[in-house]
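Colleague: To start, I am sharing the structure in question, which I have written as structure tokens.
A short reminder: the numbers here are calculations on the coordinates, not readings from a lab. Keep in mind that this is a model prediction, so the values were computed, not measured. Backbone-built Cβ (ideal geometry, glycine too); neighbour counts: all protein chains shown.
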Amino acid sequence: MTLLGPAEIRDLADLLGIQPTKKLGQNFVIDANTVRRIVKAAGVVAGQSVVEIGPGLGSLTLGLLETGASVVAVEIDNRLADQLPVTVQLFHPDAPLTVITQDAMTVTELPGTPSSLVANLPYNISVPVLLHFLEYFPGIETGLVMVQAEVGQRIAAEPGSKIYGSPSIKSAWYGNWRTAGQVSRQVFWPVPNVDSILVRFDRAERPGTEEERLATFALVDAAFQQRRKMLRQSLSVVLGDSAAASARLEAAGIAPTARGEELTVRDFLAVARAKA
Ligand code: SAM
């Protein structure tokens, strides 16, 4: 089976009269080796159900189907969503594909309980859409996404580093993340003005309940809205005042003078749970 290259991508775009839009983060992969690399790094196997966010013209979709996996593809642009089954039928007749034409941020049900998420994400919504899927679909055990390099490094960052922040901690709620290699700008059409990176995800047990997650995320947001401030100050916004914040932090075994970038997701959860 063949994958889409530069000529096929141009032909499809011409056929559909598509001018890729920045608003929807439409940078299409035109390189079969990159597609195979993503599929390999994702560890997709035959018979697996995979959800893909933003299939576009189908570059990655065909690579996923090539393994014998089934794909549920969520695409907001109805011209692309309508064309996808036609393209797949041409390259890989009768492959198990379901297309959902919808904003991925509003998807709350998926057919076939996908166990993996593989996507070249639209970079303007990459973190929120990832968190949304991990929250709504606990059956997703692993994932491999291509995102803007800076964003991927933030997601996978460890406490104490300059880039560690809200995306790192919120992602860590759902599992373990690591970067899995840079991707050249030249593999996209149009060529984006940012670098891309692969990020791998493996789900781990959630550290707390849904109520605790919401409380933890509210603390994380407050801590990183004023990331240079000590937690007794930054958390006073959500915990009342700095005395209340200090008491709560101490009850959780965290120094009130610490900064958010020093805390793990479990530390933030401890603060959410602590009764001062
Ligand atoms: N997967 C394709 C590839 O690798 O060539 C396309 C990736 S492109 C970076 C992002 C895709 O996400 C586009 O097809 C775009 O239309 C789609 N998209 C953007 N926002 C979306 C949303 N909110 N929900 C679903 N799809 C979206």
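Colleague: With +1 on each Lys and Arg Cβ and -1 on each Asp and Glu Cβ, how big is the dipole of the range 210-273 about its Cα centre, in debye rounded to the nearest 20?
Modeller: 220
Colleague: When we measure straight from the Cα of Lys229, which lysines land under 16 angstrom away, once same-chain ones fewer than 8 places off are left out?
Modeller: Counting by Cα, and skipping residues close in sequence, Lys229 has these lysines nearby: Lys162.
Colleague: With each label point set 7 Å from Cα along the Cα-Cβ vector, what nm distance links Leu16 and Ala251?
Modeller: 5.3
Colleague: Counting only helical runs of four or more DSSP H residues, what would the 222 nm mean residue ellipticity of the chain come to if each run contributes -39,500 (n - 2.57) and the total is spread over all its residues?
Modeller: About -12000 deg cm²/dmol.
Colleague: For the range 242-271 and the range 87-165, compute the distance between their C-alpha centroids and round to whole Å.
Modeller: First find each Cα centre; the distance between them is then 31 Å.
Colleague: Which loop GluC sites (Glu not before Pro) in the range 187-245, with loop taken from DSSP, have no more than 15 other Cβ atoms within 10 angstrom of their Cβ?
Modeller: Sites meeting the loop and neighbour criteria: Glu205.
Colleague: List the residues, sorted by chain then number, that are 5 or more residues from Val99 or on another chain and whose placed amide H is less than 5 Å from its amide H.
Modeller: Those lying under 5 Å, H to H, from Val99 are Ala73.
Colleague: May I pose another question? Provide the gained length on full extension for the span Leu214 to Arg228, in nm with one decimal, where the gain is 0.36 nm per separating residue minus the Cα-Cα distance.
Modeller: Here the segment from Leu214 to Arg228 would lengthen by 2.7 nm.
Colleague: Now, a different point. Name the residue, out of Ala172, Ala149, Ala255, whose mean-square fluctuation peaks in a Gaussian network model built on the chain with Cα pairs under 10 Å.
Modeller: Judging by the Gaussian network model, the answer is Ala255.
Colleague: Exposed loop trypsin sites (Lys or Arg not before Pro) only (DSSP loop, at most 10 other Cβ atoms within 10 Å): please give the longest stretch of the chain free of them, not including the sites.
Modeller: Counting at most 10 other Cβ atoms within 10 Å as exposed, the longest clean stretch of the chain is 24-161.
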